[in-house]
1. So, in segment 319-340, exactly how many residues are within 11 Å of Leu288 (Cβ to Cβ) and open to solvent by 50 Å² or more (accessible area, probe 1.4 Å)?
2. Could you list all residues from segment 246-277 that are open to solvent by 20 Å² or more (accessible area, probe 1.4 Å) and either within 18 Å of the chain's Cα centre (by Cα) or polar (S, T, N, Q) (or both)?
3. Taking the stated definitions as given, is Ala243 buried (at least 23 other Cβ atoms within 10 Å of the Cβ) and closer than 18 Å to Ala226 by Cα?
4. Quick check, is Glu347 assigned to a helix (DSSP H, G or I), surrounded by 13 or more Cβ atoms within 10 Å (Cβ to Cβ) and acidic (Asp, Glu)?
5. In this structure, is Leu190 at pLDDT 95 or above and surrounded by 14 or more Cβ atoms within 10 Å (Cβ to Cβ)?
6. Determine which member of the set Gly337, Gly333, Gly311 is within 28 Å of Thr246 (Cα to Cα) and not aliphatic (A, V, I, L, M).
7. Listed residues Leu267, Leu280; which is touching a helix residue (DSSP H, G or I) at 6+ places or on another chain (Cβ under 6 Å), closer than 30 Å to Asp236 by Cα and in contact (Cβ under 8 Å) with a residue 40 or more places away in the chain?
8. So which residues in segment 13-39 are surrounded by 15 or more Cβ atoms within 10 Å (Cβ to Cβ) and either modelled with pLDDT of 85 or more or part of a loop (DSSP other than H, G, I, E, B) (or both)?
Amino acid sequence: GALSHGLLLAAGVLRVPLALAGGGIAARRDTAPVDVADIAPPLAALAGLDWRSEGAVGRGVDLLAGQAAPGRVRIAESLYGHHRYGWAQLSGAIWDSATLVEAGGTRVFWLPEQPFGEDLPGVLGPPQDREEDLGAMRAAISRYKSREAADLMDSGGDAGAYGAGGYGAGGYGAGGEVVPFLPQAENVRLPDPYRFVANADLLNVIAARTTAARANRDEAALDQLARELRRLARADPRNREAAFRTGRVQQALAELAPSPAEVRSRLEAAEKAYGRAWELGRRDAGTLIAFCGVNAGGREAEALARLEALGGALRPWTCQIWLLAAKLRQATGDEAGFQKACEAAKEACRGPRAQAR
């Protein structure tokens, strides 16, 4: 029930139990805090691997060999709000019973140990007896960011490029990209997720209401959603998801338009909104297809040129992108290009498993 799950750094996402079970693991319970970095070393030890000799970068400890160091600073991050809504990236340091959160550099929260599910911060600054700890915790965050930037550059990534310079993600992000940390001067200019987190829930509600209104052909409901999105965009102008949702509403309104001129007007509004979402960083297959395809009727050559120009960052293309390319090439009379795109779509739709067989 925590609507801000994954968007904020708080007890609901930081206090996660770790369970290890299997041969060679004696039953015991340990309340010492651990870190994600502590997962690999005991697994490597159980598998008979010399973790350090493998050249791994991890700085975790073997939990089966003893307790984790009690006084170490542990690091947390949340880049999901930045990736999805264009908000500031969050980074935090946990030391003893307190958590320091840097939210775009505009605020520093000192979070005492909280009940599970308490997502919003209650204290804006450290108590007097922890003032000296503030510098140490900030330094730990800075070291973590510096190490990650160095690791990224060593792997051939571009730490300054959004969307193109990411590297493969594990965990929740498996198969996607991890966006590098922004320079502090850039991050500080972005919206504070703690102030705007309610917009995430609102956008989820708007997405569901758009689907229902479209199915019911309810023009009045769609008009109301368009007004709500305009208000949200004024309050949170760099929210890429709000721009995308605006495109969806305008596209649904075009289906109900009473005249060809009104259809064209609403499709142009949808195209503009999708373009804004792409410009703000919502650079995925769905946004690309919507931006290039929603208003392509009679402008297929222009739409194809846009698809080719913008799609380079999304290679390899998905089946759906290739299908749009095939449709556009067919409309422009490029039969050879149409056949080639159809073949590429067929291969993409088969997926890696089918290709392996």
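The values are calculated or read from the model by the stated rules, or taken from the named source; none is laboratory data. Keep in mind that what you see is a predicted model, and the values were worked out from it rather than measured. Positions of Cβ are generated from backbone atoms using ideal geometry, with glycine treated the same way; all protein chains shown enter the neighbour counts. Just so you know, the surface numbers come from the protein's heavy atoms only, side chains and all, with ligands and any DNA or RNA stripped out. Shrake-Rupley method; radii C 1.70, N 1.55, O 1.52, S 1.80 Å.
1. Final tally of qualifying residues: 1.
2. Selection gives Thr246, Gln250, Gln251, Ser259, Ser265, Arg276.
3. yes
4. Spelling it out, Glu347 is indeed assigned to a helix (DSSP H, G or I), surrounded by 13 or more Cβ atoms within 10 Å (Cβ to Cβ) and acidic (Asp, Glu).
5. no
6. Gly311
7. Going through Leu267, Leu280 in turn, just one is touching a helix residue (DSSP H, G or I) at 6+ places or on another chain (Cβ under 6 Å), closer than 30 Å to Asp236 by Cα and in contact (Cβ under 8 Å) with a residue 40 or more places away in the chain: Leu280.
8. Start the filter on segment 13-39 by keeping residues that are surrounded by 15 or more Cβ atoms within 10 Å (Cβ to Cβ), which leaves 13-14, 33-39.
Within segment 13-39, Pro33, Val34, Asp35, Ile39 meet the criteria.
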